[in-house]
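I have placed the structure first, in the form of structure tokens, so that the comments after it can refer back to it.
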Amino acid sequence: MKAMWAGRFSKELSKELNDFNSSIPFDARMYRQDIEGSLAHAAMLAATGILSAAEGEAICSGLESILHDLDSGALRPDPSAEDIHMFVEAELTKRIGDAGKRLHTARSRNDQVALDLRLYLSAAIDETRALLIELLRVLLDQAETYASAILPGYTHLQRAQPVTFGHHLMAYAQMFTRDLDRLADCKKRMSVSPLGSCALAGTTFPIDRQMTAAALGFDGACGNSLDGVSDRDFVLELASCLAVLMMHLSRFSEEIVLWCSWEFRFVELDDAYATGSSIMPQKKNPDVAELVRGKTGRAYGNLMSLLTVMKGLPLAYNKDMQEDKEPIFDSVDTVRQCLTIFTPMLATMRVRTDRMRQAASAGFINATDCADYLTGKGLPFRTAYQITGALVARCIQEGTTLEALPLSVYREFSPCFDEDVYQAIDLDACVEKRRSYGGTAPASVQKQIASLRAQLGIAAGASEAKEVLA
Ligand code: ARG
């Protein structure tokens, strides 16, 4: 086997070394970006007179035909090639002859691979953001439908205070909006062209780096050629954004798993997004949510791998950096897969508002409101808190609730209690009153929905989410 760089080598390359060294099994997916980069490079070489116009044209039409054939499947990447860059170049020379050998003038695979990866991951960011917007669309519609559906809010997984389901969903909408912003921000820093950094030091040829950067849609060209070929911050940054996004999805998934349990039964997944057991006929399992939760480990692991690969690498390019692709591609693929299934699962989920309400009616989640009531009557909050605690203890002892306790008993604890205490601890009133900015009152939830819709440019009722009441 003879490599393209075999000039100074006297021995043939063994199959074992070739396989070990080769990245084509995983970098072939960047063929489009590789060819687009080469097209821009060849056009620049011709425009600056480094190549003749005829050579430039021959190279470009050869590259176009390779792209066409790879797209159609007529041409397949050669698995024995060293990488996608070598494969395309060899194929070009096969097709157009000697002119093909001039494409690599004033370029190295070091700037080529850095370029391809930036182009590929920029497109992946656009795709991920589009999927996130779909998820947000569904969340906003669901939040509107359930803006006043009451369920217990939890801290320490103990019933704490009543909240609305719309409010709960909007908390996730805020997280996913930050993910959206983080990805846009990451793309901004990724939008710098390394092409023309060459192997590491730039080139003696009169290239025009701004021209190739503009042709490829970058905001500009990187200012230091050593950095241009060595920098993988953009990979790390994206891996980190995706890890955070998966963390959000996994928290949501965990809640869905809990809500599907017989103990909660707050939601029921559509049959299309649940699975059964091979032995227990009664089972309907939330596998999708569990897998999303489980796959979060990949995104974390990939981030850790990438950080470790880059740690301590001297400038400039080192072959270690070939190990950047599989982890980041896996994170991109994992997030795509998860969002693609999570969104319709959410859109078709049956929400049991009756079960939520029932759970909210027990557990003294209106105790804070009772204390607030006494505070409103002039008692210091700490005193009101102690009186309410004693009342709750009494209720537990008698197996009753704050709502069912007669006024005479209330008065045993404080003369400040009056008939209006029942209104104060009414569940609907409890959420209704939490109108503080960002609070859980239905009116506040509607405001949150409107403002996020305006921020994201998402129209109301845009998703397929429908109200499915129990
Ligand atoms: N396949 C290589 C990679 O993915 C391309 C760059 C190779 N450069 C080199 N000097 N060997 O990193």
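The values are calculated or read from the model by the stated rules, or taken from the named source; none is laboratory data. Since the structure is predicted, the reported quantities are computational estimates derived from the model, not experimental observations. Because the Cβ atoms are built from the backbone with ideal geometry, glycine has one as well, and the counts that use them run over all protein chains shown.
Quick notes on this structure:
- Filtering the stretch 298-332 to residues that are within 16 Å of the ligand (Cβ to nearest atom), in contact with an Asp or Glu (Cβ under 7 Å, 6 or more places away or on another chain) and not charged (D, E, K, R) leaves 306, 309, 313.
- Residues (surrounded by fewer than 19 Cβ atoms within 10 Å (Cβ to Cβ), among the basic types (Lys, Arg) and assigned to a loop (DSSP other than H, G, I, E, B)) located in the stretch 433-459: 433, 435
- Test: residue in the stretch 106-113 that is of a type in the set (S, T, N, Q), in a helix (DSSP H, G or I) and more than 16 Å from the ligand (Cβ to nearest atom): no
- Test: residue in the stretch 222-239 that is closer than 28 Å to residue 434 by Cβ and buried (at least 17 other Cβ atoms within 10 Å of the Cβ): no
- Some residue of the stretch 75-89 being outside any loop (DSSP other than H, G, I, E, B) and under 30 Å from the mean Cα position of the chain (by Cα): yes
- If the condition is being under 17 Å from residue 389 (Cβ atoms) and among the charged types (D, E, K, R), then the stretch 412-442 contributes only 412.
- For the stretch 140-162, the tally of residues that are free of Cβ contacts under 8 Å to residues at least 12 places away in the same chain and either in a helix (DSSP H, G or I) or on the phi > 0 side of the Ramachandran plot (or both) stands at 2.
- Across the stretch 262-312, the qualifying residues are those that are small (Gly, Ala, Ser) and surrounded by 12 or more Cβ atoms within 10 Å (Cβ to Cβ), and the one among them that is nearest to residue 361 (Cα to Cα) is 289.
- Residues of the stretch 186-229 satisfying the condition of being over 23 Å from residue 103 (Cβ atoms) and among the charged types (D, E, K, R): 187, 188, 189, 219, 227
- In the stretch 144-173, the residue that is farthest from residue 430 (Cα to Cα) out of those that are under 26 Å from the mean Cα position of the chain (by Cα) and among the polar types (S, T, N, Q) is 145.
- Residue in the stretch 163-182 that is out of contact with any Pro (no Cβ under 8 Å at 6 or more places or on another chain), in a helix (DSSP H, G or I) and hydroxyl-bearing (Ser, Thr, Tyr) present: yes
- Given (1) more than 18 Å from residue 341 (Cβ to Cβ); (2) crowded, with 23+ Cβ neighbours inside 10 Å; (3) not hydroxyl-bearing (Ser, Thr, Tyr), number of the condition residue 138 does not satisfy: (1)
- For the stretch 392-411, a tally of residues being under 46 Å from the mean Cα position of the chain (by Cα) and polar (S, T, N, Q) returns 2.
- Residue match in the stretch 342-349 (condition: away from the ligand (no atom under 16 Å from the Cβ), modelled with pLDDT of 95 or more, on the phi > 0 side of the Ramachandran plot and not in a helix (DSSP H, G or I)): no
- In this structure, residue 342 qualifies as surrounded by 21 or more Cβ atoms within 10 Å (Cβ to Cβ) and in contact with a Phe, Trp or Tyr (Cβ under 9 Å, 6 or more places away or on another chain).
- Test: residue in the stretch 30-42 that is in a loop (DSSP other than H, G, I, E, B), surrounded by 15 or more Cβ atoms within 10 Å (Cβ to Cβ) and of a type in the set (Gly, Ala, Ser): no
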